[in-house]
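Below is one structure; the comments refer to it alone.
The values are calculated or read from the model by the stated rules, or taken from the named source; none is laboratory data. Values in this document were obtained by computation on a predicted structure and should not be read as measured data. Cβ placement follows ideal geometry from the backbone for every residue including glycine, while neighbour counts extend to all protein chains displayed.
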Amino acid sequence: MPVACHLLAPLMLLCLVFFGVVSDGRAETGAVLTIALPVEPPNLDPTTGASAAVDEVVLGNVMEGLTRIAEDGTVQPLLATGWQVGDDGRHYDFTLRDDVRFQDGSPFTAADVKFSLDRARAPGSANAQRALLSVIDDVQIINHAHVRLTLSRPAPDLPFLLGWGDAVMVQAATAAQLAIAPVGTGPFRVAEWRRGDRIVLERNPGYWGTPALAERVTIKFLNDPSAALAALQAGDLDGFSNYPAPESVAPFEADDRFRVALGQSQGKIILALNNAAGPFADIRVRRAASHAIDRAAIIAGAMFGHGLPIGSHYARTAPGWIDLADYYPHDLDAARALLAQAGFTGKGPAIALRLPARAYARRIGEMVAAQMQAAGFEVTIEILEWPQWLDQIFKRHVYDMTIVEHVEPMDYDIYGRDGYYFGYDSPAMKTLLDRLNQTLVPAQRLDLLADIQRRITQDAVVVPLLQSPRIGIWKRQIQGVWTDAPLAQTPLYAARSTAWTAMATLPVSAPAVATADATGWVGWVVPPLLLAMLVLAASRFGGAYLLGRGLVLLGTLLAASMVIFLLLQVVPGDPAAFMMGMNADPAAIAALRLEMGLDAGAVARYLHWVAGLVQGEFGISYTYRTDVGRLMLERLAVSGPLALFASLLSLAVALPVGLLAATKRDTLIDRAVTALTQLGIALPNFWLAMLLVLVFSVALRWLPAGGFPGWSAGMGAGLQALLLPTLALAAPQAAILTRVLRSALLDTLGEEYMRTARAKGLSNGMALRRHALRNALIPVLSVVGLQTPFLLAGSIIVENVFALPGLGRLIFQAIGQRDLIVVQGVVMVMVFTVVAVTFLIDLAYAAVDPRIRRRAS
């Protein structure tokens with residue numbers, strides 16, 4: 001069986017890798033850390049957009065501001081050694097450090113301060129906090145080490161604001177590339193960004209301050225709770241900052257290998273109410289809802305005991321916090337009495353609870369609905385994807401209730417904004433906020449902050465539920481990482497392991513570039529492959545056939561481009577609003593829409609996109625701010641080999657097993673094969689994937705639980721990372737192909753050429769192998785052709801289980817982020833793949849059946 005023998009070669013190679021003949025490339029020495037975060041940043045520029053994930057990676061590690069917010073929430077000098085405030089509170093004089101250089105070697109001066117702040121507060125800026133930074137009227141350079149900020153009004157919180165990621169210092173020469181190649185003054189620099197998988201930080205050898213203790217930090221991104229749990233238990237990670245699954249913390253608390261750090265974040269999870277319309281326009285109904293909620297039960301049940309109750313939109317760790325959690329005690333009788341006063345005596349108000357598709361919101365929402373129904377409300381739950389939530393609730397205010405987490409620190413000012421999604425309009429609140437902005441005396445400011453908290457609570461604008469926990473899971477030997485988070489950041493300059501004997505040194509090299517693995521191999525492999533296909537097609541079928549198939553391909557792609565573009569235009573959600581977040585300045589959102597070209601008409605955008613496709617350009621990703629074509633090539637470097645290995649492995653198993661079952665028809669072997677294939681077809685591949693991880697990664701620790709190190713780490717490391725996903729994908733496909741091949745072989749038994757072969761003395765098995773197998777391969781090849789597109793981009797769940805940065809995860813993330821240009825590009829590639837695979841299958845038909853070749857000719 002030469003065909004089957006050739007197909008067994010990939011399986012043999014995978015076995016060699018599994019048993020260690022090929023170097024695995026996993027060992028890494030020196031002062032290195034591998035940690036994980038739940039969300040990958042869409043880009044690396046904290047001064048545009050409002051994604052907290054950007055600050056988690058960049059702030060304090062790669063880029064720095066004039067000030068720094070310490071773990072205890074205090075403001076400390078950073079790039080500024082100090083500052084003085086004028087008596088009127090409208091002038092700030094900052095003294096700068098004179099020994100600071102950017103990571104490209106350029107000196108940091110007062111000119112960079114002026115450029116950074118002017119850029120952030122400019123009218124067309126996409127900075128999410130442009131409105132807050134616009135309090136700065138002028139930035140004056142006194143000399144190279146002194147700047148003076150003149151404000152339009154007193155702003156006592158300005159030093160705190162300057163410690164945010166929105167106000168980090170950048171230089172004019174590199175500002176345009178910050179999204180993909182940030183250059184800052186921090187203790188680390190970005191060495192590599194493999195989108196969808198990891199970011200690698202290297203110690204900055206020219207750092208002005210105390211050098212980072214870690215030579216290199218790899219930050220992986222795992223938002224799937226199962227993948228996060230498996231990666232930690234398998235030993236693939238040194239720690240997980242802001243662990244996303246409070247329900248699975250208990251196993252780590254009982255494991256001596258780990259330390260669970262339970263800290264506090266600035267996140268406030270609230271039950272938001274529409275104050276402007278519907279039942280909650282009546283303050284009595286809002287107060288009834290406040291009495292209906294049992295915070296302690298929610299924290300115990302929905303958050304598994306993690307989190308702290310709050311009674312106002314204010315974090316317990318923020319300056320001036322007062323305890324208002326018991327202002328509305330859980331009292332069903334009081335809630336019913338208030339509803340009766342509001343006119344709901346027989347039947348309670350019908351309320352729609354519209355939740356974002358976040359795990360915490362769903363868990364809490366179910367408990368909130370049950371508690372409010374017990375008080376007399378009639379509550380129905382509706383789940384919205386995040387872009388839909390932003391469009392329908394945050395933008396258009398079409399809701400009664402919702403649950404969401406506000407992560408920005410000290411964001412009480414949103415209760416004074418006109419048109420905010422709460423629908424709250426209170427002259428008393430605006431007066432309090434104005435007084436706070438004019439007050440410089442610290443004691444008086446604390447009093448006003450307390451009054452603001454009381455006003456929010458008394459008016460029952462929202463139902464504050466809890467302050468979000470920040471859960472860190474760390475190996476016992478890891479030290480120097482933050483437990484609390486006054487900002488959304490994960491500073492790593494002091495992170496270290498007690499296993500390190502000495503601090504490693506990093507040789508000085510050229511500035512790093514945030515990039516992924518080189519995909520130049522595609523340029524070497526694909527053109528010759530396409531040329532070979534064309535030559536083979538021309539020789540086998542002739543030029544007319546080739547021309548006809550080419551016209552079909554072009555027509556299919558054109559029709560698909562129209563359908564894809566039209567369908568995506570009706571998808572709800574604004575990409576710019578998604579990227580900027582809830583508290584972004586509307587002017588900043590408009591500026592970002594202009595920058596991304598979303599202000600143009602649909603026809604103009606379609607023509608521009610198609611014109612780019614003709615030239616081989618897929619556009620620029622809204623999220624990653626990089627070329628979509630390159631982004632897809634990076635993901636194809638994972639999905640392509642994975643699909644190929646799974647296809648070859650399934651064929652290598654199906655051909656001999658299917659032939660064996662047909663040869664041993666109606667025997668015990670045949671019945672066993674039939675039972676196993678039925679099991680393989682019924683077995684979900686994601687369940688098999690999780691089982692493989694538990695056995696080979698968590699229990700035996702033979703293979704990594706997930707992630708992809710990149711082909712630059714070595715062929716062995718790459719193949720080891722793909723071994724378990726290949727098995728998970730190949731098993732169901734092999735079962736299907738085995739059944740198809742067995743049936744096709746048995747169907748040939750009645751053919752004349754089979755009777756002739758047996759009449760010449762051949763056994764059934766020999767006749768099947770010599771004469772029937774080639775004909776039986778026709779339906780097998782058809783099934784392989786149908787499976788290939790699925791394996792290439794349809795294996796989203798398996799890629800999530802193994803945290804693989806493949807094409808399936810890319811399109812899944814792009815849909816969720818409303819990165820429509822990426823969705824369009826990936827779907828077009830998939831359409832092309834289907835047509836190309838169909839063409840290859842036609843060639844394969846001709847190769848195995850001469851009659852087809854003669855008819856085509």
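The set of residues in segment 420-455 that are without any contact (Cβ under 8 Å) to a residue 40 or more places away in the chain and within 30 Å of the chain's Cα centre (by Cα) contains only 420. Residues in segment 760-780 that are modelled with pLDDT of 75 or more and surrounded by fewer than 18 Cβ atoms within 10 Å (Cβ to Cβ): 779 only.
Hey, could you check segment 476-489 for residues that are within 14 Å of residue 261 (Cα to Cα) and either surrounded by 23 or more Cβ atoms within 10 Å (Cβ to Cβ) or free of Cβ contacts under 8 Å to residues at least 40 places away in the same chain (or both) and say which is farthest from the chain's Cα centre (by Cα)?
So the residue we want is 477.
Quick check on segment 320-336: of everything there that is exposed (fewer than 15 other Cβ atoms within 10 Å of the Cβ) and out of contact with any His (no Cβ under 8 Å at 6 or more places or on another chain), which residue is farthest from residue 404 (Cα to Cα)? Filtering segment 320-336 for residues that are exposed (fewer than 15 other Cβ atoms within 10 Å of the Cβ) and out of contact with any His (no Cβ under 8 Å at 6 or more places or on another chain), the one farthest from residue 404 (Cα to Cα) comes out as 333. Looking across segment 657-676, the residues that are within 44 Å of the chain's Cα centre (by Cα) and surrounded by fewer than 17 Cβ atoms within 10 Å (Cβ to Cβ) come down to 672, 674, 675, 676. Does residue 238 meet the test of being within 19 Å of the chain's Cα centre (by Cα), among the acidic types (Asp, Glu) and either surrounded by 22 or more Cβ atoms within 10 Å (Cβ to Cβ) or within 17 Å of residue 694 (Cβ to Cβ) (or both)? Taking the combined requirement at face value, the residue does not satisfy it. Being modelled with pLDDT of 50 or more, hydrophobic (A, V, I, L, M, F, W, C) and part of a helix (DSSP H, G or I) holds for only one residue in 54, 39, 3, and it is 54.
Return a yes/no flag: does segment 346-360 have any residue that is among the β-branched types (Val, Ile, Thr), assigned by TED's automatic domain parsing to the domain that holds residue 456, crowded, with 17+ Cβ neighbours inside 10 Å and assigned to a strand (DSSP E or B). Looking for residues that are among the β-branched types (Val, Ile, Thr), assigned by TED's automatic domain parsing to the domain that holds residue 456, crowded, with 17+ Cβ neighbours inside 10 Å and assigned to a strand (DSSP E or B), one finds at least one in segment 346-360, hence yes. Among the residues of segment 367-415, those that are within 29 Å of residue 337 (Cα to Cα) and out of contact with any strand residue (DSSP E or B) (no Cβ under 7 Å at 6 or more places or on another chain) comprise 367, 370, 371, 374, 375, 376, 397, 398, 415. The conditions of being under 30 Å from residue 234 (Cα atoms) and modelled with pLDDT of 70 or more are met by residue 797.
Among the residues of segment 227-262, the ones that are in a strand (DSSP E or B) and not aliphatic (A, V, I, L, M) come to 4 in all. Exactly one residue out of 648, 703 is touching a residue at least 12 places away in the same chain (Cβ under 8 Å) and either part of a helix (DSSP H, G or I) or not assigned by TED's automatic domain parsing to the domain that holds residue 766 (or both), and it is 648. For the structure I just gave you, tell me whether residue 468 is hydroxyl-bearing (Ser, Thr, Tyr) and either at pLDDT below 85 or assigned to a loop (DSSP other than H, G, I, E, B) (or both). Answer is no for this residue. Restrict the check to segment 320-327 and report whether at least one residue is in the same structural domain as residue 421 (by TED's automatic domain parsing) and either within 20 Å of residue 369 (Cβ to Cβ) or outside any loop (DSSP other than H, G, I, E, B) (or both). Looking through segment 320-327, none of the residues is in the same structural domain as residue 421 (by TED's automatic domain parsing) and either within 20 Å of residue 369 (Cβ to Cβ) or outside any loop (DSSP other than H, G, I, E, B) (or both).
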